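What follows is one structure encoded as structure tokens, with my remarks underneath.
The values are calculated or read from the model by the stated rules, or taken from the named source; none is laboratory data. None of the values given here were measured: they were computed from a predicted structure. Cβ placement follows ideal geometry from the backbone for every residue including glycine, while neighbour counts extend to all protein chains displayed. Surface accessibility is based on the protein's heavy atoms, side chains included, excluding ligands, DNA and RNA. Shrake-Rupley method; radii C 1.70, N 1.55, O 1.52, S 1.80 Å.
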Amino acid sequence: MKTAYQTVEKIVADEPVFQVPSAVDNRGRIVAWAVDLAFVRLIDSGRLPFDYQWKTFNHPTGRYLEIRPSHSVVTISQVADPKKQPRSVRFRENGRMNNEPFFPLPEFADEQEIKGFPHLLLVHGHQQLNFAHLTVPHPMHHRDYRFRTDNLLHMAHEVPTSGPPVEDTDTDFESTELLKQDIEKWRKDHGD
């Protein structure tokens, strides 16, 4: 996500067409495309072991990325407030229904049948990447989330280095002890 946001910053800075007020107002679309591309590349390269597909909206006005781990469906959305669900659209509404609780009463037996995978939502900052959370949306849109991770940006991340490789610090203590013995023997044999 960081690379996607940085890419958008560079594109906007380098292209005057993205600096007009109407483009500035719609910058979120470029961010969304860049984030989608970043996840597709991670999956295509095998770095994320998931499947994905491009799904059309209820009214075919575009597509959204649906990421498919083995246990759920994940979609991605930008939000201004990490505590509030993104606007309600049909595919999110349908996904939220898969997060409905099951009732152990006989009259709800039909409701207990699994009808789809749980829907997870990866939310991230609207204009700036100042948060990212993996969430389980509540089936009732106004209730926000059943679960929301801590800010994923605060987790430890691997930092790639461009310098020489880190020196191997593993020590073979058995070899070291043998070397010490060899040095002691040499000193005794040579009178040192």
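For segment 1-61 versus segment 122-152, the spacing of their alpha-carbon centroids is 18 Å.
Accessible area per residue, 1.4 Å probe, Å², for segment 1-49: what's the number? Intermediate results must be reported in sequence, preceding the final value.
On the way: 3300 Å² over 49 residues.
Normalised by residue count, the accessible surface of segment 1-49 is 67 Å².
Extending 7 Å from the Cα toward the beta-carbon at both Glu184 and Glu9 defines two label points whose distance is 5.9 nm. With distances taken between every two different alpha-carbon atoms, segment 1-60 has a Kirkwood hydrodynamic radius of 13.0 Å. Cross-link partners for Lys188 among the lysines, with Cα-Cα distance under 18 Å and sequence neighbours closer than 8 places in the same chain left out: Lys180.
Can you give me the distance in nm between label points at Val40 and Arg143, each placed 7 Å from the Cα along the Cα-to-Cβ direction? The two pseudo-label positions are separated by 3.5 nm. Our estimate of slack between Ser70 and Asp25, defined as 0.36 nm per intervening residue step minus the Cα-Cα distance, is 12.5 nm.
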